[in-house]
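The values are calculated or read from the model by the stated rules, or taken from the named source; none is laboratory data. Since we're looking at a predicted model, the values are computed, not measured. Here the Cβ positions follow ideal geometry from the backbone for every residue, glycine too, while neighbour counts run over all protein chains shown.
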Amino acid sequence: MRARNSRLSIIIVSVFAAIFLVMSIIGGIHDLTARTAPVETAVDGEVIEYDAFYALEVWVISHKLFGIIPTRQEYFYLTVSEDGAEQYLVMASKSWFDDNFGSDGYARGDDVHISAILRRVVSKNGLHTGEINDWLSESGVSINEYLYADSNYKTSGVLKIAAAALIVVIAALVITLVRLHALQMLNSKVGTAATSGLIVSILALAVILVWFID
């Protein structure tokens, strides 16, 4: 019975690992190869490019692991082109805003070029369409309340590919350790190196997962 439960656990973990691997690869490739579309016709999953001369911080989402441990903050800005034709809610870093815009919200020098992938608001925990609608009605700003522009999409794509690679590395190291255990070589130099590599790989994967946890 114990052996059967062990095999079942291995199968379940393997299935979830395979699903995660495929989703990470697909998501990473999509982010890194997303097509650029005209801002007037762009839809979810496509990249838009435009120049902004003004930006205003409108939301900050603070993420906590298990609701306790702070992990990161995501900043959302209303960005506006000089002619007012392009107005988008953009997710970008705090340093991006500080480096490109003054305290009054206007661009430092030339307009700031923005390249970002459109994502659905409903898929972002902590950013709700209702709140955006309320804010829009109060401010009189005209933006798409169902989409936001993620300027960090290339970083996300790289991290997703890295997560997939780590899954493969972890699987290979686990197989290696199982074989070394069968040969009673876990305490050898190879076994020690494989164990260390497994620990480091798992920690690296955990860091990436925390980045994506909402």
*So which of SER201, SER188, SER196 ends up being farther than 28 Å from ARG72 by Cα and among the polar types (S, T, N, Q)?*
SER188
*With the condition kept exactly as written, say whether any residue in region 137-150 is in contact (Cβ under 8 Å) with a residue 60 or more places away in the chain, in contact with an Asp or Glu (Cβ under 8 Å, 6 or more places away or on another chain) and not assigned by TED's automatic domain parsing to the domain that holds ALA17.*
yes
*Residue count, region 39-64 (criterion: within 20 Å of the chain's Cα centre (by Cα), exposed (fewer than 15 other Cβ atoms within 10 Å of the Cβ) and β-branched (Val, Ile, Thr))*: 2
*asked:* I'm trying to understand the selection: among the residues of region 181-205, which are surrounded by 12 or more Cβ atoms within 10 Å (Cβ to Cβ), modelled with pLDDT of 85 or more and of a type outside the set (Ser, Thr, Tyr)?
replied: VAL190, GLY191, ALA193, ALA194, GLY197, LEU198, VAL200, ILE202, ALA204, LEU205
*Please state which of the following conditions GLU131 fails to meet, knowing it meets all the rest: (1) part of a helix (DSSP H, G or I); (2) more than 22 Å from GLN87 (Cα to Cα).*
(2)
*Please list, ordered by first then second residue, the pairs with beta carbon atoms under 8 Å, 6 or more apart or interchain, first in region 82-97 and part of a helix (DSSP H, G or I), second of a type in the set (Asp, Glu).*
PHE97/GLU57
*Counting only residues that are exposed (fewer than 11 other Cβ atoms within 10 Å of the Cβ) and assigned to a loop (DSSP other than H, G, I, E, B), which one in region 65-81 is modelled with the highest pLDDT?*
ILE68
